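Below is one structure; the comments refer to it alone.
The values are calculated or read from the model by the stated rules, or taken from the named source; none is laboratory data. No experiment lies behind these values; they were computed from the predicted model shown. Because the Cβ atoms are built from the backbone with ideal geometry, glycine has one as well, and the counts that use them run over all protein chains shown. The protein model used for the area step is the full one, side chains on, heavy atoms only, and it has no ligands, DNA or RNA in it. Shrake-Rupley method; radii C 1.70, N 1.55, O 1.52, S 1.80 Å.
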Amino acid sequence: MHRVRMRLFPLLLILTIAADMWEGGDARYGEHGEAAPRRRRCYDGSLPKRPKKRDDGGRGLCPKLYPRLSCCPSRSSAFRMLHRRDAMVLSSNSTDCTKLLEELQCARCSPHAQLLYHTASPGRAPRGQPHLPILCQDYCRRLYYTCRGHIPELFQADVDEFCQYYGTEGNGLCFPDFHRRRTRGPSSNYLDLTDDYEQKEDFNRKHKGSCYCALEVAGGLRQPVGAVHCGDGSQRLFILEKEGVVRILTPSKVLIRKPFLNIHKLVQAGTKGEDERGLLSLAFHPNYKKNGKLYVSYTTNQERWAMGPHDHILRVVEYTVNRKDPNQVDMRTQRVLMEVAELHRKHLGGQLHFGADGLLHIFLGDGLITLDDMEEMDGLSDFTGAVLRVDVNTDSCRDPYAIPKDNPYFNSTNQPPEIYAHGLHSPGRCAVDQHHVNRSLLIICTDSKGKNSSTGRILQINKGEDYEHVPPLFHLPPSRAAPVGGFIYRGCQSRRLYGSYVFGDRSGNLRILQKAWSGTWREKPLCLGGEHPCGRSLVGQVLGFGEDELGEVYILTSSKTVAHSQSGKLYKVMDPKRPAAPKECQRPVEAPELLAAACSRQCRNGVCTPTGRCCCLAGWEGPFCKAAKCEPTCQNGGICIEPNTCVCRSRYSGAHCEKDDYCVINVRDGIVDQIMDVTSYLLHLTSYIV
């Protein structure tokens, strides 16, 4: 037995020396030409150690992330490591961003800190930027979209360039490298990053597989702000671009090249991220299939409003689809419903919605207008911060809408009769539920709490309410990212999401609001899965939501704030537990039909009202506006064929046929000379008789 031990001793000695050589020596990456760094080394090259249990400094966040082996085993070492001269010094007033920054500080305490900070390419990080560890790709994008608005000096590039510098290039080690149980694929909105990391493990076990997918269905869009359908059975999706263009996405997911509506020359669109000006909303008439009416709201600064104390005006306009092409709007059919002057470029609102009663609802923000501003605006700001309700189904050619008699201020002398509710500040999209119980109207809006407030709220709009004093359905947590309202899901693909109000904010934090059997509303995060089984995760800032004819909800994003950038994308929210297109959800697609109403076919020199009356344009009159109108009227039997254009009979001339060419004489020195000879006169007389 003793001999066996003596034989094994040299082998053990060799293994000990080899291990010592492996762990010893200078471990700083790249100083002596090493091809690769050591496996577990601290930032300064020292070996990580087990945290001291007796040390009271273990109660911070970093010891919780690295409880077994850490480069900050004690309170003093943690302080030295986190306050080095070259350590990252970043701060934010955002709660979500601060959590991520605190985690990044703890990367110095990682037992793999040398691998995380010392990369193989020294010029990897951009000049002048903080020294960050190598970040996992999903974590890098989460950091970018959460902290971009709070630390602009760090995020000067777009998300792809930023994560190219700081993100991992493959499947190597990256931060966060602490132990955490993850769902299948990277989480796009990092719901597993909570304050209590022990509760995080329980959360992931409980909700594993409960995330939804964001399926990209269209790209190459320019600042898409909304997507709606027309309800004619064609299942077309109309995508609104901020600069004033509406594009059609066919049921086969093909973008028609020629725009459905192009008013970019009229629209005054903002170029900065916080500038809300541009094409705001689009709503189709409930009877669109027969009358072809659609309504658009946008900001402009033209014509008689070019001078004044305002910055722009918000205009609501009615258009009619082209009677020969269902994929084009007839620009000659424009009718202005209303115009509201505004001083500022935030809190605009402008969304349009039709209720189940066929009435048009217009949601306007307060425009940050003060009482002093209202005196200068000459009463035009009476609509600001209000929900308007009007009836566009009118036969009047002079007034484009009527006031519903059940409006709360119909007989009021202090408030405009169009107002349905007021007290809103910045309605960031509202949803009208068309399938509510007993067909009662349910309107839900996201809104801010005040003119300069960073907190938001969810409102249920009721007739006659003043929302300066009415409590909301739900209080949103403080955030510098503006809330973005969505839609109430009434689709068929996801049974779990049915009846939920889907909304979020511009940073991509998505939520749902559900009504319990008790009548109370409950809010919870909307988890979007990563690459498997959903494909690519959500990319870019959330600019708006959309809804198709089947009730499915869409998300519109853009990774750049420039209006001309074609980085916008359209995503469809889907449930990975269900088929993409269940058989019970499929509906036959109807081809878009041409307008068949009599007014649409015959009213060529006028504009049809939604009820079918032909309102003549200037210079036309009579049934269906077929008779031209000349002022003054044509004389001597002339015929008015175009506005103020007379066709004179032979012998007469002039703008209104007032001159008789055959009775014109020249009197000179008492001698009467006939201008035309007898032969010419007879020829003209013959043509006149004929």
Qualifying residue in region 212-225 (condition: open to solvent by less than 20 Å² (accessible area, probe 1.4 Å), over 16 Å from the mean Cα position of the chain (by Cα) and within 25 Å of residue 300 (Cα to Cα)): no
Leading residue by the ranking (modelled with the lowest pLDDT) among those in region 38-63 that are under 44 Å from the mean Cα position of the chain (by Cα) and surrounded by 20 or more Cβ atoms within 10 Å (Cβ to Cβ): 63
Cross-chain or 6+ apart pairs with Cβ under 8 Å, region 96-107 first and closer than 17 Å to residue 508 by Cα, then surrounded by fewer than 21 Cβ atoms within 10 Å (Cβ to Cβ) and among the aliphatic types (A, V, I, L, M): 97/151; 99/193; 100/193
Within region 609-629, tally of residues that are more than 23 Å from residue 392 (Cβ to Cβ), among the hydrophobic types (A, V, I, L, M, F, W, C) and open to solvent by 20 Å² or more (accessible area, probe 1.4 Å): 1
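Yes or no, residue by residue, for (1) within 22 Å of residue 573 (Cα to Cα); (2) in contact (Cβ under 8 Å) with a residue 60 or more places away in the chain:
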| site | (1), (2) |
| --- | --- |
| 471 | no, no |
| 481 | yes, yes |
| 490 | yes, yes |
| 495 | yes, yes |
| 498 | yes, no |
| 501 | yes, yes |
| 508 | yes, yes |
| 513 | yes, yes |
| 525 | yes, yes |
Residue under evaluation residue 626, criteria (1) at pLDDT 80 or above; (2) over 28 Å from residue 337 (Cβ atoms); (3) basic (Lys, Arg), criterion not met: (2)
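Can we say residue 408 is open to solvent by less than 30 Å² (accessible area, probe 1.4 Å) and modelled with pLDDT of 80 or more? Give the derivation first.
On the way: open to solvent by less than 30 Å² (accessible area, probe 1.4 Å): no; modelled with pLDDT of 80 or more: yes.
The answer is no for residue 408.
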Single residue of region 133-190 satisfying the filter (under 23 Å from residue 213 (Cα atoms), open to solvent by 40 Å² or more (accessible area, probe 1.4 Å) and in contact with a Pro (Cβ under 8 Å, 6 or more places away or on another chain)) that is modelled with the lowest pLDDT: 184
Test: residue in region 561-579 that is at pLDDT 85 or above, open to solvent by less than 10 Å² (accessible area, probe 1.4 Å), under 13 Å from the mean Cα position of the chain (by Cα) and within 24 Å of residue 457 (Cα to Cα): no
Hits in region 635-652 (condition: within 60 Å of the chain's Cα centre (by Cα), modelled with pLDDT of 75 or more and polar (S, T, N, Q)): 635, 645
Residues of region 655-673 classified as modelled with pLDDT of 80 or more and not hydrophobic (A, V, I, L, M, F, W, C), total: 1
Of all residues in region 335-347 being modelled with pLDDT of 85 or more and of a type in the set (A, V, I, L, M), the one that is surrounded by the most Cβ atoms within 10 Å (Cβ to Cβ): 340
Residue 549 vs. criteria touching a His at 6+ places or on another chain (Cβ under 6 Å), farther than 30 Å from residue 272 by Cβ and in contact (Cβ under 8 Å) with a residue 24 or more places away in the chain: yes
Total residues in region 260-277, condition over 20 Å from residue 334 (Cα atoms) and surrounded by fewer than 19 Cβ atoms within 10 Å (Cβ to Cβ): 5
One residue from 538, 543 being at pLDDT below 90 and touching a Ser or Thr at 6+ places or on another chain (Cβ under 6 Å): 538
Failed condition for residue 387, given (1) modelled with pLDDT of 85 or more; (2) surrounded by fewer than 20 Cβ atoms within 10 Å (Cβ to Cβ): (2)
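Might you check whether a residue that is in contact with a Leu (Cβ under 8 Å, 6 or more places away or on another chain), touching a residue at least 12 places away in the same chain (Cβ under 8 Å) and under 26 Å from residue 616 (Cα atoms) occurs anywhere in region 272-282? First the steps, then the outcome.
Kept after step one, since they are in contact with a Leu (Cβ under 8 Å, 6 or more places away or on another chain), are these residues of region 272-282: 276-277, 279-282.
Among the residues that remain, those that are also touching a residue at least 12 places away in the same chain (Cβ under 8 Å) are: 276-277, 279-282.
Of the ones still in play, those that are also under 26 Å from residue 616 (Cα atoms) are 282.
Scanning region 272-282, I find at least one residue that is in contact with a Leu (Cβ under 8 Å, 6 or more places away or on another chain), touching a residue at least 12 places away in the same chain (Cβ under 8 Å) and under 26 Å from residue 616 (Cα atoms), so the answer is yes.
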Of all residues making up region 64-90, the number that are open to solvent by 40 Å² or more (accessible area, probe 1.4 Å) and either modelled with pLDDT under 60 or in contact with an Asp or Glu (Cβ under 9 Å, 6 or more places away or on another chain) (or both): 10
Strands (runs of 3 or more DSSP E) (entirely within region 457-540) containing at least 1 residues that are hydrophobic (A, V, I, L, M, F, W, C) and open to solvent by 30 Å² or more (accessible area, probe 1.4 Å): 521-525
Residues being touching a residue at least 60 places away in the same chain (Cβ under 8 Å), part of a loop (DSSP other than H, G, I, E, B) and surrounded by fewer than 24 Cβ atoms within 10 Å (Cβ to Cβ) - total across region 348-368: 5
Check on residue 257, open to solvent by 30 Å² or more (accessible area, probe 1.4 Å) and modelled with pLDDT under 95: yes
